[in-house]
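Peer 1: Here's a structure for you.
Where a number appears in this text, it was derived from the coordinates with a stated rule and is not lab data. Bear in mind the structure is a predicted one, so any value in this text is a computation, not a measurement. In this analysis, Cβ positions are derived from the backbone assuming ideal geometry, glycine residues included, and neighbour counts consider all displayed protein chains.
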Amino acid sequence: MGNSQILLTDAPVDNGGLGEAYSPTDLVAAGLASCMMTILGLRAAKRGIKIQKMEALAEKKMSPQPRRIGGVSVELTVALLGGDEEDRKWLHQEALRCPVALSLHPDLDQDVRIVFV
């Protein structure tokens, strides 16, 4: 592997870790948000819409027994240059169909909010 990256993870304190780095479950929420952002960028470019800025807030909620991710919430704020309401609806639907969203178990609650400004 020519271009390697290092990603540190740690378990949360309540699960026996030190809580000093992102947990693998945190990365699931971040992966969902970043996948949606990537798809939004690609799809907007296809329609000649410029994304001036994008920000994401992602959070996972754990379920106790069995310990697993019970829900993920993602809030994206997207500043667009161009496009109309129909484009925004289409972009929203495209983001919901990103590969990570489609790969997560259907029982996992995905609460996604996209705000176009």
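Peer 1: When the Cα atoms of the chain are enclosed in a convex hull and the volume is divided per residue, what value in Å³ results? Please list the in-between numbers first.
Peer 2: On the way: hull volume 16.0 nm³, N = 117.
Each residue corresponds to 137 Å³ of Cα convex hull volume.
Peer 1: Of all beta bridges DSSP finds with both residues in the chain, what is the antiparallel percent, to the nearest 5? Present the calculation step by step, with values, prior to reporting the outcome.
Peer 2: Working: 13 of 22 bridges.
Beta bridges within the chain, antiparallel portion: roughly 60 percent.
Peer 1: Using the charge dipole of the range 22-116 (Lys, Arg: +1 at Cβ; Asp, Glu: -1 at Cβ; taken about the Cα centre), state which of C98, G70, L57 has its Cα farthest towards the positive end.
Peer 2: C98
Peer 1: Any idea what the dipole of the range 22-116 comes to, in debye rounded to 20, about its Cα centre with Lys/Arg Cβ at +1 and Asp/Glu Cβ at -1?
Peer 2: Working: 13 positive and 12 negative charges, 44 e Å.
Dipole magnitude for the range 22-116 comes out near 220 debye.
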